[in-house]
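As structure tokens, the structure follows; a few thoughts come after it.
The values are calculated or read from the model by the stated rules, or taken from the named source; none is laboratory data. Predicted model only: the values in this text are computed from it and were never measured. Here the Cβ is made from the backbone with ideal geometry for all residues, glycine too, and neighbour counts use every protein chain on show. Areas reflect the complete protein model, heavy atoms only, side chains present, ligands, DNA and RNA absent. Shrake-Rupley method; radii C 1.70, N 1.55, O 1.52, S 1.80 Å.
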Amino acid sequence: MDYAPNGKLGIGMDYGITVLNLMNNITYLYDYKGDFGTAYTAILKDSIFYLGTNQGLYKTKWDNLNSNKDETNFSIINGSEGQVWSLKNIDGTLFCGHDKGLYIVGNNSIKQISSEPGVWAIQPYKKDYLLTGNYNGINVFKRVNNSWEFLKKIDLIRGSVNQIEIENDQFL
């Protein structure tokens, strides 16, 4: 094997030589210390990379992610401890689906909107509505004066909902 400063790794194999480009756009995150456990979701917003795991919501600057580094400096957002199932950027607001409810993520904070457990899916609906799929069905939230308020639970759906797709805007 030969490693060149240009990020190419030449490998002699049974049927010839292959080259791996180690300086590509794919970055592997290794949790050498065991800090963040299993990752379920990730999102990039405003040059901050958020990683949702079974230990909570972690963040780092996008520029800190680099395949040449052995470790990436992630910090947990206080109050996010637990299972983070989903992250969704809707009109500049970052929503977090969590085993303890629905949250809005700020720069270094997290604010709970609903304590309905197990928010798997977050889907905007029309202009001022938000649907969340959770352990026990689908909840509907409405934007009121730049904040989100629980409106109702859809009674016909009582099981766990981990995906929501909008097919027709006339429903609800």
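Quick one: which residue in G34, G52, G82 is under 30 Å from I110 (Cα atoms), assigned to a loop (DSSP other than H, G, I, E, B) and at pLDDT 75 or above?
Details: G34 fails: at pLDDT 75 or above; G52 fails: assigned to a loop (DSSP other than H, G, I, E, B).
Matching residue, one of G34, G52, G82: G82.
Pairs linking a residue in the stretch 126-139 that is within 10 Å of R158 (Cβ to Cβ) and modelled with pLDDT of 95 or more to a residue that is of a type outside the set (S, T, Y) and in a strand (DSSP E or B), with Cβ atoms under 9 Å and 6 or more positions apart or on different chains, do not occur. Criterion applied to N64, N73 was being open to solvent by 30 Å² or more (accessible area, probe 1.4 Å), in contact with a helix residue (DSSP H, G or I) (Cβ under 8 Å, 6 or more places away or on another chain) and on the phi < 0 side of the Ramachandran plot, and the one residue passing it is N73. Considering only residues that are open to solvent by 50 Å² or more (accessible area, probe 1.4 Å) and assigned to a strand (DSSP E or B), which ones fall in the stretch 145-171? Those that are open to solvent by 50 Å² or more (accessible area, probe 1.4 Å) and assigned to a strand (DSSP E or B): E149, F150, L151, K152, K153.
Tell me, which strands (runs of 3 or more DSSP E) wholly within the stretch 87-143 include 3 or more residues that are touching a Gly at 6+ places or on another chain (Cβ under 9 Å)? Working first, answer last.
Values: elements: 93-98, 101-105, 110-114, 119-125, 129-134.
Those strands (runs of 3 or more DSSP E) span 93-98, 110-114, 119-125, 129-134.
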